[in-house]
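Asker: The structure's right below; bear with me while I get my questions together.
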Amino acid sequence: MCTALRFNGLFGRTLDLEYSYQEQVVFLPGQFPLPPGSCPMPGPRNDILGMAHVEDGYPLFYDGMNRHGLAMAALNFPRSAAYHPHRNGMDNIASFALIPWVLGQCSTVAQAEQLLERTNIIQTDFSPRLPATPLHWLVADRESAITVESLPDGLHLYPNPVGVLTNEPPFPFQLSRLNDFLHLSSHPPQNRFSSTLPLSSVSRGMGAIGLPGDWSSQSRFVRCAFAVHNTSLPADVTQFFHLMSTVEVPRGSVRTQEGKEVISVYTSCCDLSAGTYYYVTYTNRQVCAVNLHHCDPNVDTLSCFPLITGQSIQQQN
C-alpha cells in the first residue's frame with residue numbers, strides 16, 4: 001500500500017507497511033561507486049537525494065529526486081509486475097536499481113522516456129534475504145509525469161495526467177475508473193432528484209458524496225485524484241501534506257492476513273525547484289527537511305540522515 005503524487009512542482013509519496021526497514025534520507029553523490037552490474041551507467045551521474053534502506057552499503061531507494069528537479073517513486077505492484085530475462089541490445093537493469101538508473105542520467109521526464117524505451121527490467125534479486133520486489137514507478141518533473149510498468153508483454157510507459165499512482169490494478173484501469181466519479185464536485189449539489197420535492201443540502205461537502213473512503217489502492221487513487229484536482233493554487237509544502245493526509249493510513253484501519261497493523265510509515269514531499277526533501281513520520285508530525293544542495297557532491301560516500309521519529313511539539317506558555 002502506497003500513494004505517490006506530483007502536483008505544482010512538488011512530488012512525494014506515502015509508504016504504507018506493517019514494518020520498517022529502518023529507512024532514512026540518503027544522499028547518493030554522482031561519484032559513489034555502484035556495484036558492478038547493478039546500474040551500468042556511462043560517465044558522471046547526477047546526485048540523488050531520497051528515502052532509502054541501505055543494505056550492504058547500497059541504497060535501495062523508495063523515492064528520490066536529483067538536482068535537475070526530476071523525481072521518481074517505486075510502489076508495490078504485487079499482482080501485475082513481471083520482470084524479464086536478459087535481452088541483447090537493451091539496457092538490462094534490476095528493479096532495485098531503476099531509480100538510480102533514471103535519476104542518475106536524466107533531467108526531465110522526456111529524457112527518462114527515451115532512456116526507458118531501451119531499458120529491460122530483469123528478474124534479479126538484490127540478495128537471498130531481499131528478493132526482487134514487484135514494483136511500478138511514477139516519474140515526474142515540474143511539468144509532467146509518467147507511470148512505468150513492467151508487464152508480461154514488456155515495459156509500458158503511460159502519460160499520467162492525474163499525477164497520482166497507487167498500486168493495483170495496472171494504471172490504465174485506475175485511470176479509467178475515474179469515469180465512475182465524474183459527477184462528484186467540491187460545490188454544493190443541486191436538487192436533480194425531483195422538481196416537485198423541496199430537497200436541499202443539509203451539510204457542506206455533500207457534492208462529494210460517493211467518494212470512496214476505504215484504503216484500497218483503487219479508492220486511494222480516486223480520493224487523492226479528487227483532492228488534487230479540486231484544491232486551490234498555488235499549492236505549497238503544507239498544502240501538499242494536507243493532500244497526502246487524505247490517503248494516509250491510521251493504525252488499526254488496515255490489517256494483514258496475519259493480523260499485523262499497516263500504517264503510513266512516512267510521507268514525503270520533494271520541492272523540485274528548491275531541492276529540499278521534506279518528510280513526516282507516523283510518530284512525528286513535525287515536518288523535517290534535508291536540502292540536496294547542502295550535501296557535498298565531491299565525495300564518494302553516502303550521506304545518511306536518520307529519520308526523526310520522536311514527536312516534536314512546540315510548547316507555548
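Asker: Residue under question is residue 105, and the condition is that it be open to solvent by 10 Å² or more (accessible area, probe 1.4 Å), under 27 Å from residue 67 (Cα atoms), in contact (Cβ under 8 Å) with a residue 60 or more places away in the chain and not aliphatic (A, V, I, L, M); does it hold?
Answerer: Judged against the criteria, residue 105 is a match.
Asker: Now, a different point. Within the range 33-47, is there a residue that is closer than 18 Å to residue 266 by Cβ and either under 18 Å from the mean Cα position of the chain (by Cα) or surrounded by fewer than 17 Cβ atoms within 10 Å (Cβ to Cβ) (or both)?
Answerer: The answer is no; no qualifying residue exists.
Asker: I'm trying to understand the selection: among the residues of the range 277-317, which are aliphatic (A, V, I, L, M), in a loop (DSSP other than H, G, I, E, B) and surrounded by 12 or more Cβ atoms within 10 Å (Cβ to Cβ)?
Answerer: Within the range 277-317, 287, 299, 302, 307, 308 qualify.
Asker: If we scan the range 233-246, do we find a residue that is modelled with pLDDT of 95 or more and acidic (Asp, Glu)?
Answerer: No, every residue in the range 233-246 fails to be modelled with pLDDT of 95 or more and acidic (Asp, Glu).
Asker: Among the residues of the range 211-247, count how many are open to solvent by 30 Å² or more (accessible area, probe 1.4 Å) and either of a type in the set (Asp, Glu) or under 23 Å from residue 22 (Cα atoms) (or both).
Answerer: 3
Asker: Turning to a different aspect of this structure: Condition (residue is open to solvent by 80 Å² or more (accessible area, probe 1.4 Å) and among the acidic types (Asp, Glu)) applied to the range 159-173: is it met by at least one residue?
Answerer: Within the range 159-173, none of the residues are open to solvent by 80 Å² or more (accessible area, probe 1.4 Å) and among the acidic types (Asp, Glu).
Asker: So, restricting to strands (runs of 3 or more DSSP E) that lie completely within the range 134-177, which ones have at least 3 residues that are over 16 Å from residue 111 (Cα atoms) and at pLDDT 95 or above?
Answerer: 145-151
Asker: I would also like to ask the following. What are the residues in the range 175-204 that are open to solvent by less than 90 Å² (accessible area, probe 1.4 Å) and either touching a residue at least 12 places away in the same chain (Cβ under 8 Å) or touching an Asp or Glu at 6+ places or on another chain (Cβ under 6 Å) (or both), if any?
Answerer: Within the range 175-204, 175, 177, 178, 181, 184, 185, 186, 189, 201 meet the criteria.
Asker: Another one. Name every residue in the range 82-101 that is open to solvent by less than 40 Å² (accessible area, probe 1.4 Å) and under 14 Å from residue 131 (Cα atoms), in order of residue number.
Answerer: Matches in the range 82-101: 82, 83, 94, 95, 97.
Asker: Picking from 126, 77, which residue would you name as being surrounded by 17 or more Cβ atoms within 10 Å (Cβ to Cβ) and modelled with pLDDT under 95?
Answerer: That would be 126, the only listed residue that is surrounded by 17 or more Cβ atoms within 10 Å (Cβ to Cβ) and modelled with pLDDT under 95.
To keep it simple, each residue is scored yes or no on (1) farther than 20 Å from residue 171 by Cα; (2) out of contact with any Gly (no Cβ under 6 Å at 6 or more places or on another chain); (3) not in a loop (DSSP other than H, G, I, E, B).
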{"position": "207", "(1), (2), (3)": "yes, yes, yes"}
{"position": "211", "(1), (2), (3)": "no, yes, no"}
{"position": "215", "(1), (2), (3)": "no, yes, no"}
{"position": "222", "(1), (2), (3)": "no, yes, yes"}
{"position": "226", "(1), (2), (3)": "no, yes, yes"}
{"position": "235", "(1), (2), (3)": "yes, yes, no"}
{"position": "241", "(1), (2), (3)": "yes, yes, yes"}
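The values are calculated or read from the model by the stated rules, or taken from the named source; none is laboratory data. Bear in mind that the values here come from a model prediction, so they are computed numbers and not experimental data. In this analysis, Cβ positions are derived from the backbone assuming ideal geometry, glycine residues included, and neighbour counts consider all displayed protein chains. Calculation scope for accessible area: heavy atoms of the full protein, side chains included, ligands and nucleic acids excluded. Shrake-Rupley method; radii C 1.70, N 1.55, O 1.52, S 1.80 Å.
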